[in-house]
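Enquirer: Pasting a structure here, questions to come.
The values are calculated or read from the model by the stated rules, or taken from the named source; none is laboratory data. For clarity, every value in this text was computed on a predicted model and none was experimentally measured. Reconstructed Cβ throughout: ideal geometry from the backbone, glycine too, with neighbour counts over all protein chains shown.
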Amino acid sequence: MILRLAFFLTVAAATFAAPAAPETTPTGFPGAETFVYRDGQPEPRRLFVVKPAGWKAGDHRAALLFFFGGGWTTGTPASSIGWARMAAELGLVGIAPDYRTKGRNDTSPLAAVADCRAALHWVQEHAADLGLDPARIAVGGNSAGGHVALWTAITHAPPGSDPAESPRLKPAVLILYSTVSDTSLETGYTPQRFGEHTTALSPIHQLDAKMPPVLAFHGDADALVPLRMAVALRDKLVATGNSSDLHIVPGGGHNFGNDVPEWKEKSRLLVIEFLKAQGLMAPDSKP
C-alpha cells in the first residue's frame with residue numbers, strides 16, 4: 001500500500017546525519033491541514049494534521065502525534081508526516097508538529113522541548129475543532145523526537161518551558177523509537193548541549209510517579225543512542241508500577257529499519273496492536 005511504503009520511507013529517513021543542503025522549514029504537505037500552534041520569529045511553529053476518511057466535525061477520535069528526530073539539530077516534519085498519514089489510514093487523526101532545531105533556528109534542545117509541550121497543549125485545547133478526544137492522544141517520536149515526546153508526559157515544566165503551555169493532560173500512551181531518555185552529565189547523550197540543565201532536561205531523572213503506558217523499540221547495535229538507555233528507562237518505569245514494553249531489535253542500529261528491514265513491518269504491526277490494546281483503535285480494526 002502506498003501510504004505504508006511512505007511511512008516506512010519516512011521512518012528510515014530520520015537520521016542524525018548532516019543534510020547535504022540547508023534544511024527549509026515546511027509550511028504544508030499534500031493531504032494535510034496546516035495550523036500555527038505557537039507564534040515565533042522569523043516563522044511561527046506549525047503542525048500538520050491529516051484527517052481520516054469519514055472524519056466530521058464533532059468527532060471524538062483518537063489521535064497520534066509524532067515528533068521527528070535529528071538530535072535537536074536537524075530534521076523537519078517531512079520525516080514524521082508519514083506517521084500522520086498512517087494514523088489517518090487507521091482511522092485516527094494524525095498530527096506531525098514542527099519544532100525548533102539548532103540547524104534551522106540556532107536554538108538549544110530546551111527550545112525543542114518547549115515547542116513540543118506547547119504543541120500538545122494546543123492540540124488538546126483545539127480538540128473539538130480537530131474532531132479528537134484530548135484524553136486519547138498517543139504521542140510518539142524517534143531519537144531526539146522520543147526525548148521530547150517523553151517530556152509531553154512529565155507534569156512539571158522544565159527549564160526553558162512556559163508552565164502555561166504545559167500539556168493539559170498526559171498522552172494516553174507513548175511510542176518511542178531509538179529514544180534519547182538520558183541527557184545527564186554522568187550517563188547521558190550529548191549533555192553539553194544542555195548547559196547547566198543536563199539532569200533537569202533528562203526524562204529518566206524527571207519521570208512522574210504515574211506515566212502513560214510505553215511501547216519502545218531499540219536496536220541492540222545502536223552506536224549512537226545506546227540500548228542501555230532504553231533498558232534503564234524500561235526498568236525504572238516497571239519498578240515504579242508503570243507499564244513499559246521494550247522490543248529489542250537484534251542487529252539493529254539507530255535506524256534499525258535500514259539494518260533489519262523485516263522490523264519495518266513488524267514494528268508497525270506491534271504499534272497497531274498496542275493502540276488496540278490501549279483502547280485507541282477498535283479491536284477488529286484492520287492494519
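Enquirer: Can you give me the number of residues within the stretch 126-149 that are under 16 Å from Thr34 (Cα atoms) and surrounded by fewer than 20 Cβ atoms within 10 Å (Cβ to Cβ)?
Expert: Of the residues in the stretch 126-149, 3 are under 16 Å from Thr34 (Cα atoms) and surrounded by fewer than 20 Cβ atoms within 10 Å (Cβ to Cβ).
Enquirer: Take Lys264 and decide whether it is of a type in the set (D, E, K, R) and more than 26 Å from Gly188 (Cβ to Cβ).
Expert: Values: of a type in the set (D, E, K, R): yes; more than 26 Å from Gly188 (Cβ to Cβ): yes.
Judged against the criteria, Lys264 is a match.
Enquirer: Given (1) modelled with pLDDT of 95 or more; (2) out of contact with any Gly (no Cβ under 9 Å at 6 or more places or on another chain), where does Pro283 come up short, assuming only one miss?
Expert: Single failed check for Pro283: (1).
Enquirer: Here's something else I'd like to know. Could you name every one of the helices (runs of 4 or more DSSP H) located completely within the stretch 104-209 that has at least 2 residues being touching a helix residue (DSSP H, G or I) at 6+ places or on another chain (Cβ under 8 Å)?
Expert: Details: elements: 109-125, 127-130, 144-151, 203-206.
By residue number, 109-125, 144-151, 203-206.
Enquirer: If you go through the stretch 207-224 one residue at a time, how many are closer than 20 Å to Gly71 by Cβ and out of contact with any His (no Cβ under 6 Å at 6 or more places or on another chain)?
Expert: 5
Enquirer: Take the residues in the stretch 233-243 that are over 19 Å from the mean Cα position of the chain (by Cα) and assigned to a helix (DSSP H, G or I); name whichever of them is surrounded by the fewest Cβ atoms within 10 Å (Cβ to Cβ).
Expert: Residue satisfying both the conditions and the ranking: Ala239.
Enquirer: So which residues in the stretch 244-262 are part of a loop (DSSP other than H, G, I, E, B) and surrounded by fewer than 16 Cβ atoms within 10 Å (Cβ to Cβ)?
Expert: So the first thing to find is which residues in the stretch 244-262 are part of a loop (DSSP other than H, G, I, E, B), and the list is 250-255, 260-261.
Within the stretch 244-262, Pro250, Gly251, Pro261 qualify.
Enquirer: Identify, by number, the condition in (1) closer than 16 Å to Gly75 by Cα; (2) not in a strand (DSSP E or B) that Ala96 doesn't meet.
Expert: Here Ala96 clears every test but (2).
Enquirer: I'd like the full set of residues that are hydrophobic (A, V, I, L, M, F, W, C) and under 22 Å from Ala135 (Cα atoms), limited to the stretch 201-250.
Expert: Leu207, Ala209, Met211, Val214, Leu215, Ala216, Leu237
Enquirer: Mind listing whichever residues of the stretch 263-281 are more than 16 Å from the chain's Cα centre (by Cα) and either surrounded by 17 or more Cβ atoms within 10 Å (Cβ to Cβ) or not charged (D, E, K, R) (or both)?
Expert: Result: Trp263, Lys264, Leu269, Leu270, Ala277, Gln278, Gly279, Leu280, Met281.
Enquirer: Kindly indicate whether any position in the stretch 97-110 is surrounded by fewer than 22 Cβ atoms within 10 Å (Cβ to Cβ), in contact (Cβ under 8 Å) with a residue 12 or more places away in the chain and over 25 Å from Thr190 (Cα atoms).
Expert: no
Enquirer: Being free of Cβ contacts under 8 Å to residues at least 60 places away in the same chain and touching a strand residue (DSSP E or B) at 6+ places or on another chain (Cβ under 8 Å) is the filter; apply it to the stretch 174-206 and report the residue that is farthest from Gly70 (Cα to Cα).
Expert: Among residues in the stretch 174-206 that are free of Cβ contacts under 8 Å to residues at least 60 places away in the same chain and touching a strand residue (DSSP E or B) at 6+ places or on another chain (Cβ under 8 Å), the one farthest from Gly70 (Cα to Cα) is Leu174.
Enquirer: Continuing with this model, one more query. Name every residue in the stretch 186-215 that is within 20 Å of the chain's Cα centre (by Cα), among the polar types (S, T, N, Q) and surrounded by fewer than 18 Cβ atoms within 10 Å (Cβ to Cβ), in order of residue number.
Expert: Thr190, Gln206
Enquirer: While we're on this one: Considering only residues that are assigned to a strand (DSSP E or B) and either free of Cβ contacts under 8 Å to residues at least 24 places away in the same chain or on the phi > 0 side of the Ramachandran plot (or both), which ones fall in the stretch 38-83?
Expert: Looking only at the stretch 38-83, we keep the residues that are assigned to a strand (DSSP E or B), and these are 38, 45-50, 61-67.
Of everything in the stretch 38-83, nothing turns out to be assigned to a strand (DSSP E or B) and either free of Cβ contacts under 8 Å to residues at least 24 places away in the same chain or on the phi > 0 side of the Ramachandran plot (or both).
Enquirer: Is there a residue in the stretch 2-19 that is at pLDDT 50 or above, over 20 Å from the mean Cα position of the chain (by Cα) and in a loop (DSSP other than H, G, I, E, B)? Break it down stepwise before answering.
Expert: Start the filter on the stretch 2-19 by keeping residues that are at pLDDT 50 or above, which leaves 4.
This time we only want the ones that are over 20 Å from the mean Cα position of the chain (by Cα), so: none.
No, because not a single residue in the stretch 2-19 is at pLDDT 50 or above, over 20 Å from the mean Cα position of the chain (by Cα) and in a loop (DSSP other than H, G, I, E, B).
Enquirer: Kindly indicate the residue of the stretch 57-78 that is at pLDDT 95 or above and more than 20 Å from the chain's Cα centre (by Cα) and also surrounded by the fewest Cβ atoms within 10 Å (Cβ to Cβ) among those meeting that condition.
Expert: His60
Enquirer: Something else: Within the stretch 40-55, take every residue that is loosely packed, with under 13 Cβ neighbours inside 10 Å and at pLDDT 95 or above and give me the one that is nearest to the chain's Cα centre (by Cα).
Expert: Filtering first and then ranking leaves Ala53.
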